[in-house]
Amino acid sequence: MIIKRILILGILLISTVNLYSQKTQFNLLECLALANENSIAIKQALLDLDNAYVSNTLAKSSFFPNINAQLNHSWNIGLNQNITTGILENITTQFSSAGVSMSNDIYNGGRKFLELYRSNLNILSKELNLEEIKDNISILVANAYLQVMLNKELYQVNQIQVELSKKELDRTRALIEAGVVVASEVYELEANIASQEQSTIVAENNLRLSKISLAQLLLITDYENFDIGDEQFNVPFSIILEQNPKEIFEKAVDTRATIKISKSNVDLAASELAISKTSLLPTLGAFYGYNSRISYSDRRVSLPSQVEQPIGIVKETGQAVVTRVNETGVAGPKPFFEQWGLNDGHNFGLRLSVPILNGKTARSNIKRNLINLQKAEEQYQQDRLNFETTINESYNSALGAYRLYEASLKTEAFRENAYQVAQNRYQAGVMNAFELVQAQQRYEIATSDVIRSKYDYIFKLKVLELYFGLPLNIDDIIVDNP
């Protein structure tokens, strides 16, 4: 049953990979998801976050007591004292010993709590760093995605313009046959078509390069088959531009990871300072130990039989004074557990450590951390100022890009009207081909300017929306997504 489930899971996984590998067209959300999945920077940030969680586990574990067990068995070979006879002999003796010890801090100035607090701050900092990396990658991917769409639309416009110019050339040849214009007019139109075809080749190459750039961001190597979907955008005036830049900044401070990271650096520096100050405080700890010892050597024991043993002499008579004592003999070692109970022991107590002189290491470390805290606070203020400047620049850039887009639309409309008038005059024979081509080229430039200003505005608007706390998305401006 287990093997069957594994086979089914493997087949589903292979099928999913094959379907994914066969996909060639991606929308923006799919590109963002793929970038987040494949990005090396994100993977490294995730590893940093995992490392922060490991440090947090260690900080929590420091509250538990240290418990250690020891087990030792030794052989003494050579000249050793025979514990039975008390004589130095070349013998081999064996001993076993075992014990357990435990120690724990009772008071250390709150250092462990501060270290746990610092580890929690470090996790938050790594999470914010991961969020910022994802946002930065999203901006890069969105910019590359819109660049592909820009080049694709420019390429399509160039193709359309070539076709229109060819039709204009056919009409000119008809006018030449009708005697309305002279035959030399065709050369100017043919040169214009050649120039447009050259521009089309450049546009096609730019499109290919922008696709490769986007694919590289997504770590896709099949450049030839990679493409994005054909989407048409509506470009409305965003309500974000109706906000005051100050309001956008205040919103961004609460939502964007950039300022949160800077603030977390201040908190981390403050926690480091607090931890370093605990080195000036006394510490109180408790300890306990238990151990026992086992011997495998023979031992001297008392026998039931007794013998007389002199203990002195009577001074007046010189008669010996004796006493009866048990005879001694040699026996094997006592049973293991009997020795264990006879030889065991306990030790416990308190350990107080008061710092007196440590070469100014502790105070120097406090001063260093105080300087680091001041630097972090100054950097936080500088980051706020820089971020506010960035918000203002982004707001003005987006607003200016929208106004430029509107102006480009007006210019395009006027250039289109002027080109239509030029076509009518050319067909009436009151304008030559050079003047017609000039009007057409001005119209083409205006059309290209509209496309460029449109995508420039979309990108700058999406960056501003990201600062305002809105997710990076273009579904709200897509009007046709086949």
For the chain, longest principal axis from Cα atoms; helix 111-178 axis from its Cα atoms; angle between them, nearest 10 degrees, is 20 degrees
Listed by chain and number, the lysines with an alpha carbon less than 27 angstrom from that of Lys454, same-chain partners under 8 positions apart left out, are Lys134, Lys152, Lys211, Lys246, Lys251, Lys410, Lys462
Which residues qualify? For Val181, with a placed amide H closer than 5 Å and at least 5 residues away or on another chain, they are Ile176
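Scan the chain and report its longest stretch carrying no trypsin sites (Lys or Arg not before Pro) that are both in a DSSP loop and have at most 13 other Cβ atoms within 10 Å.
Numbers: sites that count: Lys23, Lys315, Lys360.
Segment 24-314 is the longest.
Under 14 Å from the Cβ of Val330, count the other residues' Cβ atoms, weight Lys and Arg +1, Asp and Glu -1, and hand me the total. Before the final figure, lay out the partial values.
Numbers: positive: Arg299, Arg300, Lys334; negative: Glu89, Asp298, Glu327.
With Lys, Arg at +1 and Asp, Glu at -1, the neighbours total 0.
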If one compares the long axis through the Cα atoms of helix 245-255 with the longest principal axis of the Cα atoms of the chain, the angle in degrees, nearest 10, works out at 30 degrees
In whole percent, the Cα-Cα distances of the stretch 28-67 spread across 10 Å bins from 0 upward as 26, 28, 22, 15, 7, 2
With N residues in the stretch 350-482, Rg(alpha-carbon) / (2.2 N^0.38 Å) equals 2.18
Residue-ordered couplings for the stretch 347-358, obtained by feeding phi - 60° into the Karplus form 6.51 cos²θ - 1.76 cosθ + 1.60 and rounding to whole Hz (Gly and Pro as x), are 9, 8, x, 10, 10, 10, 10, 10, x, 10, 9, 9
For the stretch 280-292, in residue order, the Karplus 3J(HN,Hα) values (coefficients 6.51, -1.76, 1.60; θ = phi - 60°; whole Hz; Gly and Pro = x) are 8, 9, x, 10, 10, x, 10, 9, 8, x, 9, 8, 8
Helix 433-467 sits off the longest principal axis of the Cα atoms of the chain, rounded to the nearest 10 on a 0 to 90 degree scale, by 30 degrees
log10 I(q)/I(0) for the stretch 315-416, Debye formula on C-alpha points only (no solvent), q = 0.10, 0.14, 0.21 Å⁻¹, two decimals, reads -0.80, -0.95, -1.15
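For the stretch 150-304, report the % of Cα-Cα distances exceeding 25 Å.
Result: 73 percent of Cα pairs exceed 25 Å.
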Inter-part gap, Cα centre of the stretch 27-49 to Cα centre of the stretch 185-219, in whole angstrom, is 32 Å
Share of Cα-Cα pairs in the chain beyond 40 Å, whole percent, is 59 percent
Over the chain, the sum of -39500 (n - 2.57) across DSSP H runs of at least four, divided by residue number and rounded to 500 deg cm²/dmol, gives at 222 nm -22000 deg cm²/dmol
The stretch 413-433 and the stretch 387-411 have their Cα centres apart by a whole-number Å value of 34 Å
Of the convex hull drawn through the C-alpha atoms of the stretch 79-205, the volume per residue in Å³ is 298 Å³
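Which semi-axes, in whole Å and largest first, does the equivalent ellipsoid of the stretch 275-359 have when worked out from the alpha carbon gyration tensor as the square roots of 5 times its eigenvalues?
Numbers: eigenvalues 622, 111, 17 Å².
Values for the stretch 275-359, descending: 56, 24, 9 Å.
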Residues other than Lys211 with Cβ under 13 Å of its Cβ, Lys/Arg counted +1 and Asp/Glu -1, net out at -2
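Where does the stretch 226-268 land on Rg/Rh, using Cα atoms and the Kirkwood Rh? Write out the running numbers ahead of the final one.
Values: Rg = 17.3 Å, Rh = 13.8 Å.
Rounded to two decimals, Rg/Rh equals 1.26.
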Rounded to the nearest Å, the spacing of the alpha-carbon centers of the stretch 227-264 and the stretch 329-343 is 82 Å
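So for the stretch 251-398, what percent of the C-alpha to C-alpha distances run longer than 20 Å? Intermediate results must be reported in sequence, preceding the final value.
Numbers: 8326 of 10878 pairs.
Percent of Cα pairs beyond 20 Å in the stretch 251-398: 77.
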Straight-line reach check, Lys60, cutoff 22 Å on alpha carbons, 8 or more apart in-chain or any other chain, hits among lysines -> Lys112, Lys126, Lys277
Cα-based Debye curve of the stretch 251-300 sampled at q = 0.13, 0.15 Å⁻¹ gives log₁₀ I(q)/I(0) of -0.63, -0.70
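Can you give the FRET efficiency for Arg324 and Ser297, using 1/(1 + (r/R0)^6), R0 = 22 Å, r = Cβ-Cβ distance, to the nearest 0.05? Let's see the in-between values first.
Values: r = 29 Å, r/R0 = 1.32.
E(calc), rounded to 0.05, equals 0.15.
Just so you know, all these numbers are worked out from the coordinates, no wet-lab data involved. No experiment lies behind these values; they were computed from the predicted model shown. A quick note on method: Cβ atoms are made from the backbone with ideal geometry, for glycine too, and the neighbour counts reach across all protein chains shown.
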